[in-house]
Structure formats: structure tokens, C-alpha cells
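Each value in this text was obtained by applying a stated rule to the coordinates, not by laboratory testing. These numbers come from a predicted model, not from an experiment. Quick reminder, even Gly has a Cβ in these numbers, built from the backbone with ideal geometry, and neighbours come from all protein chains shown.
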Amino acid sequence: MHIKAASMVMLARRLAGVILVTAACIPTCRADFDTAYTAYLAGNRGALVDDLQAIVASRRVDEFEVWRQAMMQRLPPFTRSVAREDAQKVLQILAKGLHAAKQAESLVLLVPLMYRFEFEDDVYKTYELAAHLDHLPAILELAKAAGRRGDRATQLALDEKAAWLGDRQAMYQTACAYLGNFLEDGRRAKFGFPLTTPNANFGCAFFHPKPDEKKAFDWFRKAALAEHGSEASIPVGWMHLRGIGTPVNYEKAFEIFMAVARRMHPDFNLDDCFGFVAIPLEEMFRQGLGTAKSEQNAEYFKRRQFCPPPPPTTR
């Protein structure tokens with residue numbers, strides 16, 4: 001099953017669970033919210049918080065989702081009429097209650113309301129609660145936030161968690177991190193291609209402090225399978241070619257690079273440009289690695305490694 005399709009199935013199941021849990025409670029629970037909200041508007045400042053605390057004490061976890069829905073349906077008057085400190089207490093209790101009820105989808109739906117009140121710290125904490133429930137979008141948001149503040153260790157841990165949950169881009173970033181910076185002086189010869197090559201570092205943005213080539217190879221391969229080839233296939237081919245994280249396998253490397261080239265230009269015309277993938281193909285044809293030697297094919301790919309910029313558009 002495709003990763004995207006699997007994610008949609010998972011989302012549908014979770015939402016179905018929310019609907020099933022709350023269906024029996026909706027009439028009475030919504031009435032409870034209306035009663036508490038009316039009492040609050042009449043001057044009882046503790047009505048909303050007290051009622052929610054009573055729900056927490058009685059462990060009626062199905063009521064938290066109904067309260068969230070009722071709040072969202074009354075969003076404009078709620079944001080105008082409820083004091084900021086009271087709204088924060090309500091949202092914090094709801095977040096903890098929805099987390100206890102394992103309703104991750106409903107939990108992250110509190111975030112827009114938190115932004116409405118500018119509760120930035122609560123947004124982050126809510127994403128953390130959802131991430132504990134393996135909510136993939138929350139994990140990715142936390143990873144981005146860690147990257148923005150330069151916390152690479154946390155970003156790497158969150159990317160790997162998202163990778164295990166099936167996110168293809170997180171798989172690629174995790175592979176990059178474990179591969180490490182292979183353009184450093186001590187590792188250049190191992191990879192063996194010109195450092196001036198575009199995307200010579202496979203587009204990797206940052207690196208794990210303790211590289212693990214075997215883990216890098218495994219994650220690049222998983223990413224390639226998840227996207228049916230393309231971007232992540234090229235690092236897999238290079239690692240087969242150089243024996244990095246896996247034994248040398250020239251035949252497999254050639255098969256991968258040719259598959260990428262065919263997807264780019266199936267007809268192999270004289271004016272086609274193959275960019276980065278043409279570099280190993282030139283080498284393999286010239287030396288007979290994984291395929292028969294062919295100077296003609298080697299020269300063909302040599303001339304098609306660097307794509308000229310597109311002509312300027314004219315109006």
C-alpha cells in the first residue's frame with residue numbers, strides 16, 4: 001500500500017473512532033457545555049474550568065471532544081467573551097483530556113484556537129502531546145521547530161520517529177543524517193565523484209554527530225521504495241557502487257542508475273540531459289562495472305552530465 005494511502009486509512013480510522021466514542025454523548029455533553037458557558041457569561045468565572053475539572057475527575061473522556069466541537073462552533077463569541085487566562089486554563093485541560101483519551105486528531109484541532117489567543121507555548125506543548133500518540137503531522141511540526149532553533153539532536157530524533165511512521169521525506173532526512181558529511185576530506189575518495197557536481201551531497205542539509213552508513217543505506221532504500229525510485233534511488237545506487245553501508249554490487253548499482261535515467265528520458269535522445277545520474281553511468285560504461293564496456297555509451301553520458309540553463313522566456 002502506498003504511504004499516502006496508508007496515512008489516509010489511518011486518519012479515517014482515527015476519525016471514525018472519535019465519532020463512535022462521542023456519538024452517544026453529544027446531546028447531553030453539549031448541553032453541559034452550554035450550561036457552563038451560560039453560567040460563565042452570567043458572571044460565574046469558574047464555571048467552565050470547574051465543569052471540565054469535574055469531567056477529568058470522573059474520567060468521562062468522551063466529553064472532551066464534544067466540548068472542543070462546541071467551542072469551535074461558538075468561536076467568535078467565545079474568543080470575545082472569555083477572559084484570556086480562563087481560555088488558557090480551558091484549553092490546557094482539554095488538551096490533557098484529549099491526550100488521555102488518545103484522540104490525537106482532536107488534540108491538534110485545538111491549535112488554531114490557541115493561535116487565536118496567541119498561546120504559543122501551549123501550541124508547542126499540544127504538538128508534543130499529539131506526538132506522544134504518534135500523530136505524524138505533529139511530529140513533523142516539532143521537527144521543523146527544532147530545526148528553526150538549531151536543536152539538531154531533537155530534530156534528528158523526531159525525523160527518525162516520523163520515518164518509522166512512514167513519512168518519505170523524513171526517511172530521506174534520516175538517511176542523510178546517518179550518512180554524515182561524506183564530502184569531508186577524510187571521506188571524499190570513498191565516494192569518488194567531483195565535489196563541484198550539483199547535488200554532490202544528495203541535498204543533505206545536516207548530519208548526525210555519529211554517522212552510521214548501514215542505517216543510512218537502509219533508510220535511503222526505504223525512502224526509494226516509498227516513492228517508487230527517483231530521488232532516493234541515486235544515493236542507494238552510489239552506495240552499491242562504492243560499498244558504503246552495503247557490499248559492492250555493480251550490477252545492482254547499474255540497474256538503479258539506468259532506471260533513473262530511463263524515467264528522466266526514456267528515448268535517450270542526443271539532446272537529453274541526465275544531470276547527476278550521468279556521472280556514475282559514464283564511469284560504469286567506461287570501466288565495464290555492472291555492464292559491458294562501451295566507450296560510445298560512456299561518452300554519451302559524459303556529455304550529458306551538466307544541464308544548460310533553460311533559455312530566457314520572451315514576452
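Summarising the overall dimensions of the stretch 40-91 from its C-alpha atoms, the Rg and Dmax are 11.0, 30 angstrom.
So, R0 is 25 Å and r is the distance between the beta-carbons of residue 73 and residue 42; what FRET efficiency does that work out to, to 0.05?
0.80
Percent of alpha carbon pairs in the stretch 129-172 separated by more than 12 Å? Summing the P(r) tail past 12 Å for the stretch 129-172 gives 52 percent. Taking max minus min of the alpha-carbon positions on each principal axis, the stretch 51-132 gives extents of 29, 26, 20 Å, largest first.
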